[in-house]
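Below: the structure, in structure tokens.
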Amino acid sequence: MPKIIVEVMPKEVLLDPAGKSVNNALHRSGHKDITAVRIGKRIELHFDRPVTDADLAEAQKIGENFLSNAVIEDVVSVTVQN
Amino acid sequence: MALFKKKKPDFVPSGVDTTANAAVTPDKALPYAQLGLKDDEYARIVDILGRRPTASELAMYSVMWSEHCSYKSSKIYLRQFGEKVTDEMKKDLMVGMGENAGVVDIGEGWAVTFKVESHNHPSYIEPFQGAATGVGGIVRDILTMGARPIAVMDQLRFGAPENPDTARVVHGVVDGISFYGNCLGLPNIGGETVFDKVYQGNPLVNALSVGALRHEDLKLAKASNPGDLVILFGARTGADGIGGVSVLASETFDSTGPSRRPAVQVGDPFAEKVLIECCLELYHAQVVAGIQDLGGAGISCATSELASNGGAGMRVQLQHVLKRDETLTPEEILMSESQERMMGIVPKKHLKAFEAIVNKWEVEYSVIGEVINEDRLYINWGEEEIVNVPPRTVAHDGPVYERPVAYPAYQDSLNANNVHVAAHGHGLHRHNDNGSELAAQVVQIVSSPNQADKSWITDQYDRYVGGNTALAQPDDSGMIRVDEKSGLGIALATDANGRYCYLDPYEGAKLALAEAYRNVAVGGAKPMAVTNCLNFGSPENPEVMWQFKQATAGLADGCLELGIPVTGGNVSFYNQTGDVAIHPTPVVGVLGVIDDVARRIPSGWQDEGNNIYLLGVTKDELDGSVWSEVIHGHLGGRPPVVNLAFEKQLAEAIAAGSEQGLIASAHDLSEAGLAQAVVECSLRFGMGARIWLGEICERDGVDRTAALFSESTGRVLVSVGREDDVKFVGLCEARGIPVLRIGVTDNSGHLEIQDIANWNLADLAGAHKGTLAELFG
Amino acid sequence: MTFKIGVVTFPGTLDDRDAQRAVRIAGGEAVALWHADENLHKVDAVILPGGFSYGDYLRCGAIAAQAPVMESIIKAANGGLPVLGICNGFQVLVESHLLPGGLIRNEKQHFICRDQTLVVENVSTPWTNQFELNQEIVIPLKNGEGGYIATEETLKKLEGEGLIAFRYKDVNPNGSMHDIAGLRNERGNVVGLMPHPEHAVEAGFGPDMPGTMRSGVDGLKFFTSVLNSLVNA
């Protein structure tokens, strides 16, 4: 059954304390070449029928209005997975 | 809970084994041994049923007859708690042992239910979820009695602080308790944290919850009226905690292929918070005749217990259970330990009202059966009957073992090796003549991980929610107001000392009881009832069984002497690191009542110019002490002597002193003795003091080391306003309580112990409060 | 005349009963408002209390902001109704765009419960008119996602127009930018803050204050202020 995948990331300019914390942990365990970590969300919207372009456009809207907080996050991708 | 140690789940059966099938295939071999059942137990099941059990029935019996659910190794000893009881002790007991939690009448139409439980093994495997679901489980037990849960406490024991694996467990457990408890909106009002290498591979995570209810709201887990509906509500049932039961699938049945089933339960505190509010509304509307929460052994436990307790039977259609995973087999559904589920017994006439309330809270539910007028539990999977058993045999008539008991081979030499003969007969060295050495030892002790301030942990817990918290950590007990109009409240304290218990399990259990009792009393409450969580090694080890036998006897005898009953508790066996058992660690919780929380007594002094009194007598009792551990790495001898009759007198004296308004603060002495107590009293509110030891040494015939670090029982540090001195001393003397003035409070910003040290409080605070953050922050 | 202060309950709200108690102690009548009911029952002000509405799923306060009651509250707030958002309530106000910025996980990644000193930087709101400007108060703080963040532009505006209502003093417990503990909107009727004034309203149950255990009641003025503003409205 098809799904639309919406990916949300914290805005580049803002703090990502979770990412920073994970980055520090990676450094402590020897992965010093990883310079930064940023953590976002992957949200799956499931359908029980084929997905249309209208669905994608609607998903973009849902992503921007509800699945992300535009003040602190960006919708970085909206894709179909069949 | 991990019912099967380190069992990897195998694969899932696709065929359904019916009772009809079982009746005609008597020779089918079932993997009962892998499920923990002995030959004679299996034979007994066959005898009870008159045929071989179906796979579902075998799953039910194996889990319900397991150690965790049936208490088979401990039953014969736990009986003492119900036997060593007088009528006087039972007078305020509304519900005793055997139910989900004990219930005590506290007056003014209020009752309180409380219990402590363990979730040890899951917390080593998956510390976060193990601890979180531990909190969830105990809270549901309280909810199930008809009460609103009002607080939680936790008793944590981890391995050596410097061991890197300890940090993994500490972070996971504290985060898990914080996550679940805070999200439920329950203030965390106390507990303990102990580090000791004996817990390295087997941390102890015990969780306590307490709830309040009006008498008429009491609910019991029983289904008594034929015709009443059986409704499963809350979270959907998934594959949580199934683990070893999947063994049922192996060679015996057809299978579609391997599939992994998690042994760990995953908790959702939001779901439980909603469930709490929903249940309380159901109770208030009186639409539920009986209720049981689903914990260990899930549906098989809930159905068999409800039927068995109610003296009726049940007919269940398992296919009506709401699942979050459609591939679950009936055996898995029966054994699932998915969290946040309740089973309600609802009279048909109340169904609509029930539905209105659960719908309002958006809680899912399904009617899965009904109560019948037969002493039988029938469970169908669609058309096919997969379980047909007498419920009592599953829920209550499990095996009762009388495991071999053996006095430990090490015990005599352990007890002989006391602090006076250790170090090749010289005795552990004491720096009695060197004040600054003694001062250094005080600092070393109060900054050691077990004695250090625990704010790094407790600041991750909400202590304010509810607006009724009158006392919380670092005070000696947690205290919650129950009635806003009258101020009626309850106090709780939990204590255990594994080192004392290892030296002498009988006395050690009594010592834990004495300490929790004293902790409740110094807060101004009257001790009333007891709960316990008995954490021990393997019951298959006769020396551990000896420890268990001794400890339960000590606790039962102690409760009888103090006149307060055990209302319920929990046993956790098999706590070992490899073959090495943990120290026997019976955690004792004491509940007290105070008629107005406004009268509570602070643990530290706040006013300057008050006199400081030490109540009780100090003896040279350093065996098993913090001093012997931190300074000398020694464990041997015999623990301090406990005098319960005196503890009672002492508690009554504190109560009388408090009633007369004579006591400004009271703090009991325990681990690390007087040194720890004066430091804690000074740091609590930042009020300094000047203390002298000379009179203690003289009157009690002890040296300075003992004066500072002895762990003699029956002692409390009290501060009294100048104007109340005479009355207070008179009160103590009249009641036969030895009382000695040993100091004076002052606003100097310093704590001085004459001829030993004069510490700046800020420096002392730094040493005492910095340790845990340094280790784990 | 007793004024009615609505206190909203979402699934997962925890401090609603405490907020109701605070209203009562201050002399008002607390009215319970259910999230699914868009009727505000003629209340004179609204409190969005603390807790973990919807389990903090998706983002704290995100799902609660979509509730029927919030539609009515947003409308009423735009019309001047006094609204106070505490902790999760502050998060709901931010998600509803009644206040600017965002609230993210604490810098140190842990939940923190502490008695927090705040400076009151704005006393021209219905919720703060009984404080003195720059008064220091002690209010319990308890949260895991209390870090206030906003764009440079927003921060400039907040500072420039005096819209910061409370600032953390001595200790910044969660890494909030500019030590911001709470905000007001331009009109002044909507105030949001992370600390919990409802936990400092009753002697014996509030923060420890010098000299007396658990005696702090600095939070009571939030509730007496709004009643005061209604009297003078």
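The values are calculated or read from the model by the stated rules, or taken from the named source; none is laboratory data. All values derive from a computational prediction rather than experimental measurement. Please note: Cβ atoms are built from the backbone with ideal geometry, for glycine as well, and neighbour counts cover all protein chains shown.
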### Query
Going by the structure shown, is B:G569 under 16 Å from the mean Cα position of the chain (by Cα) and under 30 Å from B:V720 (Cα atoms)?
no
### Query
Is it true that C:L58 is among the hydrophobic types (A, V, I, L, M, F, W, C) and closer than 15 Å to B:D462 by Cβ?
no
### Task
Go through the range C:1-114 and tell me which strands (runs of 3 or more DSSP E), entirely inside it, have 1 or more residues that are surrounded by fewer than 18 Cβ atoms within 10 Å (Cβ to Cβ), in contact (Cβ under 8 Å) with a residue 40 or more places away in the chain and touching a Phe, Trp or Tyr at 6+ places or on another chain (Cβ under 8 Å).
none
### Message
If I filter the range B:62-78 down to residues being at pLDDT below 95 and part of a helix (DSSP H, G or I), which single residue comes out as surrounded by the most Cβ atoms within 10 Å (Cβ to Cβ)?
### Response
B:S62
### Task
Please determine, by comparing only the residues of the range C:188-225 that are modelled with pLDDT under 95 and in a strand (DSSP E or B), which one is nearest to C:V120 (Cα to Cα).
C:M209
### Query
Which one of these does B:T577 not meet: (1) within 18 Å of B:L93 (Cα to Cα); (2) surrounded by fewer than 24 Cβ atoms within 10 Å (Cβ to Cβ)?
(1)
### Query
Here is a list of conditions, (1) in contact with a helix residue (DSSP H, G or I) (Cβ under 6 Å, 6 or more places away or on another chain); (2) within 18 Å of C:I104 (Cβ to Cβ); (3) surrounded by fewer than 14 Cβ atoms within 10 Å (Cβ to Cβ), and A:V75 meets all of them except one; can you say which number that is?
(3)
### Message
Tell me yes or no: at least one residue of the range C:185-194 is of a type in the set (D, E, K, R), within 14 Å of chain B (Cβ to nearest Cβ) and either touching a Gly at 6+ places or on another chain (Cβ under 6 Å) or under 19 Å from C:H97 (Cβ atoms) (or both).
### Response
no
### Message
Quick check on B:G624: is it touching a Pro at 6+ places or on another chain (Cβ under 7 Å), part of a loop (DSSP other than H, G, I, E, B) and either crowded, with 24+ Cβ neighbours inside 10 Å or of a type outside the set (K, R) (or both)?
### Response
yes
### Task
Select from the range A:49-65 the residues that are more than 16 Å from A:M9 (Cβ to Cβ) and within 14 Å of chain C (Cβ to nearest Cβ) and write down the one among them that is surrounded by the fewest Cβ atoms within 10 Å (Cβ to Cβ).
A:N65
### Task
Among what's in the range B:596-621 and is among the small types (G, A, S) and assigned to a loop (DSSP other than H, G, I, E, B), pick the residue that is surrounded by the fewest Cβ atoms within 10 Å (Cβ to Cβ).
B:G609
### Message
Of the residues C:E107, C:E95, C:E71, only one is of a type in the set (D, E) and within 14 Å of chain B (Cβ to nearest Cβ); which?
### Response
C:E107
#### Entry: Residues of the range A:35-48 classified as more than 14 Å from chain C (Cβ to nearest Cβ), touching a helix residue (DSSP H, G or I) at 6+ places or on another chain (Cβ under 9 Å) and at pLDDT 95 or above, total
1
### Message
Taking the condition of being modelled with pLDDT under 95 and part of a helix (DSSP H, G or I), how many residues in the range B:320-374 meet it?
### Response
6
## Note on the structure
(1) of a type in the set (A, V, I, L, M); (2) surrounded by fewer than 21 Cβ atoms within 10 Å (Cβ to Cβ); (3) touching a residue at least 24 places away in the same chain (Cβ under 8 Å) all hold for B:A101 apart from (2)
### Message
Of the conditions (1) surrounded by 14 or more Cβ atoms within 10 Å (Cβ to Cβ); (2) among the aliphatic types (A, V, I, L, M); (3) touching a Leu at 6+ places or on another chain (Cβ under 8 Å), A:L14 satisfies every one except a single condition; which number is it?
### Response
(3)
#### Entry: Qualifying residues in the range B:355-378 (those that are β-branched (V, I, T) and within 34 Å of the chain's Cα centre (by Cα)) - the one surrounded by the fewest Cβ atoms within 10 Å (Cβ to Cβ)
B:V367
### Query
Just wondering, is there one or more residues in the range B:697-709 that are part of a loop (DSSP other than H, G, I, E, B), β-branched (V, I, T) and within 33 Å of the chain's Cα centre (by Cα)?
no
### Task
Give the residues of the range B:22-43 that are surrounded by fewer than 18 Cβ atoms within 10 Å (Cβ to Cβ), in contact (Cβ under 8 Å) with a residue 24 or more places away in the chain and under 18 Å from B:N388 (Cβ atoms), sorted by residue number.
B:A23, B:T25, B:P26, B:K28
### Query
Just to be sure, is B:I594 closer than 25 Å to B:V702 by Cβ and in contact (Cβ under 8 Å) with a residue 60 or more places away in the chain?
no
### Query
What residue, among those in the range A:1-32 that are at the interface with chain C (Cβ under 10 Å from one of its Cβ atoms) and among the basic types (K, R), is nearest to C:I149 (Cα to Cα)?
A:K11
### Query
Hey, among the residues in the range C:120-136 that are among the aliphatic types (A, V, I, L, M) and surrounded by fewer than 19 Cβ atoms within 10 Å (Cβ to Cβ), which one's farthest from the other protein chains (Cβ to nearest Cβ)?
C:L133
### Query
Got a sec? Which of B:K549, B:K510, B:K526 is crowded, with 24+ Cβ neighbours inside 10 Å, in contact (Cβ under 8 Å) with a residue 60 or more places away in the chain and among the basic types (K, R)?
B:K510
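Each row is one residue, and each column tells you yes or no for (1) more than 30 Å from B:K72 (Cβ to Cβ); (2) of a type in the set (S, T, Y); (3) touching a residue at least 24 places away in the same chain (Cβ under 8 Å).
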{"position": "B:D412", "(1), (2), (3)": "yes, no, no"}
{"position": "B:V419", "(1), (2), (3)": "yes, no, yes"}
{"position": "B:H424", "(1), (2), (3)": "yes, no, no"}
{"position": "B:N434", "(1), (2), (3)": "yes, no, no"}
{"position": "B:Y461", "(1), (2), (3)": "yes, yes, yes"}
{"position": "B:V465", "(1), (2), (3)": "yes, no, yes"}
{"position": "B:D475", "(1), (2), (3)": "yes, no, yes"}
### Query
Checking C:G216 against (1) within 14 Å of chain B (Cβ to nearest Cβ); (2) touching a Leu at 6+ places or on another chain (Cβ under 9 Å), which single condition isn't satisfied?
(2)
### Query
Can you spot a residue in the range A:5-28 that is touching a residue at least 24 places away in the same chain (Cβ under 8 Å) and touching a helix residue (DSSP H, G or I) at 6+ places or on another chain (Cβ under 7 Å)?
yes
